[in-house]
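Here is the structure we will look at, set down as C-alpha cells.
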Amino acid sequence: MATDGTTPGKPASLRIRAFEPADADAFRRLNEEWIAWHFGMEERDRLVLGDPVGRVLSSGGRIFFAVSGDETIGCCALLALEPGVFEVAKMAVSESRRGNGVGRKLLEHAIAEARALGARRLYLETNRKLHNAIHLYESAGFRHLPPERVKPSPYARADVFMEMLL
C-alpha cells in the first residue's frame, strides 16, 4: 500500500474525460506505443494519430482519455462511420497501467457516450494476437461478425471484426 492509501500500479483517482486540444500528443504516444510493439505503424495510423481533430472529431467522432492524477494513462476513440454507427478505435492503455480495469472503464464510457449520441451499432477491428482486448470486448457485449459481413479494412493487421447492437 502506498502512503496515499492506494495500491501501487492502480490509478489513484481515475477519471474519464473528453479530448482537449493539448491531448493530441498523448493520443499519438499512447497508440504508437502498443501498435509499434505488436505490429508496426501503418499509413492509416499515421493519418489518424497525426490529426485527431480532423480525422476523428470533425466528422462527429469522440476521443476520451483516462487520467490518474495529472497523468494521461489511456485513450479510446469513437469514429463516426455513418449515421447511428461508430467504430471503437485507437484504444490504448499505458503499459504500466494495464490489468487494472482502465481499458474496461474507457470502453464502458465509450459505449455510454455512443448510446447518448443515438448510436444503434458499434463496430471494431482488432487482431487475434490481442487476446486480452478480445476478451474485454466479448465481456462488454461485442460479438464476432461472420465472414460474409466483414468489409475490407484499411489495416493489414485487422483479422478480428466485432459489433455491438445498442
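Details
- Pair-distance profile P(r), taking every C-alpha pair of the stretch 103-166, with 5 angstrom steps and integer %: 4, 17, 28, 24, 18, 9, 0
- Relative counts (whole %) of C-alpha pair distances in the chain, using bins that are 10 Å wide: 10, 40, 39, 10, 2, 0
- Computed over the stretch 8-67, the P(r) tail beyond 20 angstrom holds 33 percent of alpha carbon pairs.
- Residue 91 long-range amide H proximity, modeled H, under 5 Å: 77
- Under the Karplus curve 6.51 cos²θ - 1.76 cosθ + 1.60, θ = phi - 60°, whole-Hz ³J(HN,Hα) for the stretch 116-127, x wherever Gly or Pro sits: 4, 7, x, 5, 10, 8, 10, 10, 8, 10, 8, 10
- The stretch 44-166, relative contact order [Cα under 8 Å, separation at least 6], %: 20
- Phi angles across the stretch 148-160 convert, under the Karplus curve 6.51 cos²θ - 1.76 cosθ + 1.60 with θ = phi - 60°, into 3J(HN,Hα) values of 5, 9, 7, 9, x, 9, x, 9, 5, 6, 6, 9, 10 Hz, Gly and Pro given as x.
Just so you know, all these numbers are worked out from the coordinates, no wet-lab data involved. Note that the structure is predicted; figures quoted are calculated from it, not measured.
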